[in-house]
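What follows is one structure encoded as structure tokens, with my remarks underneath.
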Amino acid sequence: MRESAMMQLQYVTAVLAIGLVTLHLLMQGVLVPYGEAISFQRVLSVYRNAIDGALLEVLLIVVLAHGFNGLRIILLEWRQGAAWTRGVDWAVLLVTLATIAYGTRTVILAATGQVS
Amino acid sequence: MVGHIGDTSFFVGGPFGEGPSTASWSSDLAATENVLGHVVLVMVVLVVVYHGINGMRLILAEYGVIFAKPTKPDYPYRAKSLRTIQRHLIWVAIIASILAALYTGGTLFG
Amino acid sequence: MGGEELALKIQRFDPSLEERPHLERYAVPIKDGMTVLDALIYAKDRLDHGIALRFSCRMASCGSCGMKINGRPRLACETQVADLRSSTITVQPMDNFPIVRDLVVDLEPFFARHAAVSPHIVRKGDQQEQDSPTGEYLMTPKELDSFVQFTYCIKCGLCSSSCPTSSTDALFPGPQALAQEYRYLQDARDEAGEERLDLVDTEHGVWRCHFAGTCSAVCPKGVDPALGIQLLKRHVMAARSPLRRRRPKTRAAARVFPNPNEDLLKRP
């Protein structure tokens, strides 16, 4: 895929991330006092709320896509070569998908799992 | 980023958990709610706020909202692209990130 | 200011004899209006004939004397000793280039990167006109203004030596080549726009510029390569965006205008 397509992804996720990360930081420490924000009950209610949970999932995907693509760019600037480039491209894609999967699992389990 | 996703997953009992668990979450909080954990969070806020505002500055400068138009160079041959208002936005980014980090530090340690 | 002495430290390095460079100190008497190039020539002429350096026009026109002076890439002929406000001046070869000897660097990779962007007018389907010209390609002043500042490049290499991406990414064309690519993209007479955009839209192309701006800060001719590169990014994005607009209005095909004095230029 063309590099300009990767950069469009980078820009789109960047703009989305600015909004979502700001919202996340505000929700975790400014609009809600920090101590309360990380209490079990509060966290549970956030995951169980459809909109809040969905926002967290979108935040997850956007930040991971942006961050790992950025890491790919840094690694490609650091070293060049056909094997290195192929390796980095695939490794970054896999790690991104794997981390998104793991985080999504947290979101789904929290929203639907049995409380213990 | 990865660390945060990892540690928040203990809300549901970690990689091998099955659902929200107060016990697992308490142990996760016990492990991260300490001086080192707070320092890490403050640094994250510092870096993320700086990266975000600087990023906005770059997008504005590169894609034309704050922009210089090509002209004929003349003495003393100073580059126009570096002299628009975008220079000062770097300071906005630095100051905002320091303020955000101080606020976070205050909230976490105070 | 006469009668004072300047401590000129020059980096010496002969790869065939030494493992690493070292600084040597020369005492040069200061004269009014002296440039760093004057000091270097004095040192080479009177103190140590072995100093290797490049210079030619001594008026910031040829681009030969680019070097790192007191830590900043500059043209030696244009740098006044008095402006440096220091009695010690350290001169080293430009960064990001292989050192040939002392202050002379190998510019072949630099010229190769420039050549790789086809720095000339490319026309298609115009062979008839190329072979037996009937007139000139003209542009409006507005069309010219959109790129003329990038034609001022003297290929001194200072921009590429200051670029942080160039120092780590060996496949990055560098600010000089990218700015020249923009110069030809915008030139109304050039018809290879699509190919030029494709050339820089790669993993190590225009996107690896992060607008540090050091290139424009050190350019002695006001070319402002950083501006050219950001404009280039804009063109690539516009050409690739889903809301595909026609290329920006400033690009117009240049027309052939018959020369009004055609009969005076009778060609055999």
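Only the coordinates and a few stated rules stand behind these numbers; no lab work does. This is a predicted model, so every value here is computed, not measured. Positions of Cβ are backbone-derived with ideal geometry, glycine not excepted, and every protein chain shown enters the neighbour counts.
Things worth noting here:
- Taking label points 7 Å from Cα along the Cα-to-Cβ direction, C:A212 and A:V58 give a separation of 3.7 nm.
- Ranked C:L158, C:L37, A:L26, criterion: other C-beta atoms within 10 Å, fewest first: A:L26, C:L37, C:L158
- Choice from C:L185, C:L197, C:L23 showing the highest fluctuation, given a GNM over chain C with Cα pairs closer than 10 Å: C:L23
- With the charge dipole of the protein assembly as shown set up from +1 on Lys and Arg Cβ and -1 on Asp and Glu Cβ about the Cα centre, the Cα lying farthest toward the positive end among the listed residues A:L93, C:P260, B:Y50 is that of C:P260.
- The protein assembly as shown - Cys residues lacking any other Cys C-beta under 4.7 Å: C:C65, C:C77, C:C153, C:C156, C:C163, C:C209, C:C219
- Exposed loop sites are taken as GluC sites (Glu not before Pro) in a DSSP loop (any state but H, G, I, E or B) with at most 14 other beta carbon atoms within 10 Å; the longest stretch of chain C without one runs C:20-268.
- Hull volume in cubic angstrom per residue (convex hull over the Cα atoms of the protein assembly as shown): 223 Å³
- Estimated from the Cβ-Cβ distance and a Förster radius of 35 angstrom, the FRET efficiency linking A:L94 and C:R20 is about 0.25.
- Subset of C:K68/C:K155; B:K69/C:K233; C:K9/C:K44; B:K72/C:K68 violating a 20 Å alpha-carbon distance limit: B:K72/C:K68
- Cβ-derived FRET efficiency at R0 45 Å, B:W91 paired with A:I51, nearest 0.05: 0.80
- Gain on full stretching of the segment that runs from C:D198 to C:S241 - 0.36 nm per residue minus C-alpha separation: 14.1 nm
- When chain B is described by a simple charge dipole with +1 on each Lys and Arg Cβ and -1 on each Asp and Glu Cβ, the residue from B:A101, B:P76, B:L41 located farthest towards its positive end is B:P76.
- Per-residue Cβ neighbour rank within 10 angstrom, fewest leading, C:C57, C:C77: C:C57, C:C77
- Approximate shape of chain C as ellipsoid semi-axes (Cα gyration tensor, √5λ), whole Å, largest first: 42, 23, 17
- In plain terms, the residue of B:S24, C:S86 with the fewest other Cβ atoms within 10 Å comes first and the most crowded comes last, giving C:S86, B:S24.
- Taking the helices alone, chain B has a mean residue ellipticity at 222 nm of -22000 deg cm²/dmol, built from -39,500 (n - 2.57) per DSSP H run of at least 4 residues and averaged over all its residues.
- Most simply put, the protein assembly as shown has about 85% antiparallel DSSP beta bridges, counting only bridges with both residues inside it.
- Relative contact order (percent, whole number), segment B:34-110, Cα cutoff 8 Å, 6+ residue spacing: 54 percent
- Average beta-carbon neighbours from other chains, 10 Å sphere, peptide A:57-64: 1
- Rg then Dmax, both in Å and based on the Cα atoms of segment C:1-100: 13.0, 40.
- For chain C, a crude dipole built from +1 on the beta carbon of Lys and Arg and -1 on the beta carbon of Asp and Glu, taken about the Cα centre, is about 780 debye to the nearest 20.
- Take the Cα of B:V2, step 7 Å toward its Cβ, do the same at B:S26, and the gap between the two points is 3.2 nm.
- Viscosity 0.890 mPa s, temperature 25 °C, Stokes-Einstein D of segment C:109-255 from Kirkwood C-alpha radius, µm²/s: 154 µm²/s
- In this calculation the C-beta distance from C:D48 to C:S167 is compared with R0 = 45 Å, giving a FRET efficiency of 0.90.
- Highest-fluctuation residue, C:P175, C:P220, C:P98 considered, GNM on chain C with Cα pairs under 10 Å: C:P98
- Label-point separation in nm, C:F257 to C:A27, each point 7 Å along Cα→Cβ: 6.4 nm
- Structure-based [θ]222 nm, chain C - -39500 (n - 2.57) summed over DSSP H runs of at least 4, per residue, nearest 500: -7500 deg cm²/dmol
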